[in-house]
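Okay, structure first, notes after.
The values are calculated or read from the model by the stated rules, or taken from the named source; none is laboratory data. What you are looking at is a predicted structure, and each value in this text was computed from that prediction instead of being measured. Here the Cβ positions follow ideal geometry from the backbone for every residue, glycine too, while neighbour counts run over all protein chains shown.
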Amino acid sequence: MTGPNATPNRIHLIAHANPATKDVRRFRFADTPAYLRFIREHLPAPLRLTCSPKLFDVVEDQDRGGRRDDAARIRDVQNALDDPNTLAIVAAAGGAYFSRILPHLDFSPLARRGTPLWTLGFSEMTNFVNVVASYRGGRGLYWLCPNYLGWKIKPLSQARAAFAEFWHILPRILEDHTPSRTEHLTFGNVEGKLVRGDARSGSIRLVGGCLSVLVAMLAGPLAKRLEHDGRWLAIEDVNEPPYRIDRYLATLKLAGWFDRVAGVLVGAFHTGNEDQQPAVLELLKYHLPTDRRVPVVSTRSFGHIWPMVPLKVNRPLKMTVTGRKVSIGV
């Protein structure tokens, strides 16, 4: 059943940053249709998968704008946003070239929805997840893009098993009934350490994600949807040297974010095998206000890492502080 009175059951899969061709090969599927058949086989009824397959096999050309299908990508995402039967928009992968289409999307249907629309993804999907989560009818889960499993889990048989498990338990995720752990996927709480300032146990809300992607939107009208007053700012990134991270933090400082956030949650930062989280914690000392002790918590629970704990964006979360130990969960 479809239509305005139906229970939403459409799961729309997008490959709107990096094309999915490399991921399809990584999982050893014969082609994109075989990849999509595998997903449909493991997605429980009554959920139904939709997508635009032609957007999965485009050729990425860095010398010619990366992707040259912006109009088609905009139409595809807008259709999912407009459709009251869409239960979730799932990003197959992160990558690049997605942030530039956000100003061309109309998110206003989220203000009129009766049943929330979820979006799942991380990295390049940071701002999309945050904007959707800013609406009454939107829910944002900053978590893995399922194709990421093919690059983080070995051997291949286990990666495919984890990929199947993602789709099999998706209904539980969208119903807020996720387990603390399954055979291949990790959920549970964000576990961290208070490294600056003081914090109390209580209810908090998170905003943020991939730092370099987040700051790219601060100058535009959509930045108004990134509600950060009294929120905890969650940041992470990959393959960004400290001098560029310093620039991103300076952008947040110049935009006044550090004067209004309740705290900063620092996730994984690394380049290859080099851990850059200590450098980020040092850089923050130059950007946080001196007239208020903004608390900072470090964690290895989220970022471009595995395992990765999902973060609910702009939803009430329980923070428990015991000495310097911090746990954040539902």
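Check ALA91, ALA96 and return the single one that is closer than 24 Å to ASP31 by Cα, surrounded by fewer than 18 Cβ atoms within 10 Å (Cβ to Cβ) and in contact (Cβ under 8 Å) with a residue 60 or more places away in the chain. Don't jump to the end; show me each part of the working.
On the way: ALA91 fails: surrounded by fewer than 18 Cβ atoms within 10 Å (Cβ to Cβ).
Checking each option against the conditions leaves just ALA96.
I'd like to check something: does region 170-183 contain any residue that is modelled with pLDDT of 95 or more, under 17 Å from the mean Cα position of the chain (by Cα) and either surrounded by fewer than 18 Cβ atoms within 10 Å (Cβ to Cβ) or within 28 Å of ARG26 (Cβ to Cβ) (or both)? Yes.
Has region 321-329 got at least one residue that is under 17 Å from ASN127 (Cβ atoms) and out of contact with any strand residue (DSSP E or B) (no Cβ under 6 Å at 6 or more places or on another chain)? No, region 321-329 contains no residue that is under 17 Å from ASN127 (Cβ atoms) and out of contact with any strand residue (DSSP E or B) (no Cβ under 6 Å at 6 or more places or on another chain). Taking region 186-230 as the range and being under 16 Å from the mean Cα position of the chain (by Cα) and over 25 Å from SER134 (Cα atoms) as the test, only THR186 passes. Going through (1) within 18 Å of the chain's Cα centre (by Cα); (2) of a type in the set (A, V, I, L, M, F, W, C); (3) farther than 19 Å from THR50 by Cα one by one, LEU156 falls short only on (1). Residues in region 174-191 that are touching a residue at least 40 places away in the same chain (Cβ under 8 Å) and not in a loop (DSSP other than H, G, I, E, B) were compared, and the one that is farthest from ILE89 (Cα to Cα) is GLU191. Selection of region 231-256 for residues being among the hydrophobic types (A, V, I, L, M, F, W, C) and more than 20 Å from the chain's Cα centre (by Cα) yields ALA250, LEU254, ALA255. If you go through region 200-215 and keep only what is surrounded by fewer than 19 Cβ atoms within 10 Å (Cβ to Cβ) and over 16 Å from PRO310 (Cβ atoms), you end up with ARG200, SER201, GLY202, SER203. Whether any residue in region 149-162 is in a loop (DSSP other than H, G, I, E, B), under 30 Å from VAL215 (Cβ atoms), in contact with a helix residue (DSSP H, G or I) (Cβ under 9 Å, 6 or more places away or on another chain) and touching a residue at least 60 places away in the same chain (Cβ under 8 Å) is what I want to check. No. Of everything in region 302-330 that is of a type in the set (A, V, I, L, M) and part of a loop (DSSP other than H, G, I, E, B), the residue that is farthest from TYR148 (Cα to Cα) is VAL330.
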